[in-house]
Structure formats: structure tokens, C-alpha cells
1. Has segment 26-44 got at least one residue that is loosely packed, with under 14 Cβ neighbours inside 10 Å and modelled with pLDDT under 90?
2. State all residues of segment 8-19 that are touching a helix residue (DSSP H, G or I) at 6+ places or on another chain (Cβ under 8 Å), surrounded by fewer than 17 Cβ atoms within 10 Å (Cβ to Cβ) and assigned to a helix (DSSP H, G or I); if no residue qualifies, say none.
3. Being closer than 23 Å to residue 34 by Cα and exposed (fewer than 12 other Cβ atoms within 10 Å of the Cβ) is the filter here; which residues of segment 47-64 pass it?
4. Which of (1) under 20 Å from residue 86 (Cβ atoms); (2) part of a helix (DSSP H, G or I) does residue 71 not meet, given it meets every other one?
């Protein structure tokens, strides 16, 4: 969902519109997957039959987790995405105004926003680039 919203942002859509379009485009596959899993877990959650009562709490927990994850995927993630990217857009506009009015110098040497953006990019991209062997080595598994 976030990947689609980012594509819409790059196409020039405002953050809120990009998040809404991402949610609307992904609602059917997310709901179909979640409901299929929930329906499959109902027999386990009911615990009907001998010896199945010990697995019933696990089934209920899985169903509850799926419900929470589905709601958060469809509502919470797009809202947070829109909020963060709206704030970043405002910050970029504000920083652009300061640089134009002050000749590019805003009176401080604080590059915290740029450093935070770089750290976020590195933190999200670096693990995806590591191979399995490198991950094992970093985690201390050399066997």
C-alpha cells in the first residue's frame, strides 16, 4: 500500500489523495486475504471436538490479530502516511522559503532534517540489500 502511495506521490498527487487512492486500490485484496484466513481459523477458534479446546485460544488470537492488522492496514497506515508526507511537504516549502529569503543560509548549522531523512533512508534500505549470509554474519550466526 505504501509503495503505491509513493508512486502516486511521485506522479504529483497530494499526500492525502495518494494515501486514499492506495487504500482504495488495495482494499479488495487485503479484505479477501484476511477474510479467507479468518474463515479458515473459525473451526479452530470454536474448539469443537475432543482435544481441540486447547487450540481454541490460539485460533481466537489469530483471528483477533488478523482483524487488528486488517483495520490498521486499511485505515491507520494511510492516515500516518498522509500525515507524515504532508508534514514533510510543508517542511520542504518552509525550508525553500527560508533559503530564498536568506540567500540559502537560515542562521544555523543544524542539518537535522536532512540527517534524519538520510538515516531513515539508510535504515529502511540497508537491510533489504544484505544477502542472507551477511545477515547471519551480522547476527553472529557463522554456522
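The values are calculated or read from the model by the stated rules, or taken from the named source; none is laboratory data. Predicted, not measured: the structure shown is a model, and the values here were computed from it. Virtual Cβ from ideal backbone geometry, glycine too; neighbours counted across all protein chains shown.
1. No: zero hits.
2. Selection gives 16, 17.
3. Correct list: 48 only.
4. Among (1) under 20 Å from residue 86 (Cβ atoms); (2) part of a helix (DSSP H, G or I), residue 71 violates only (1).
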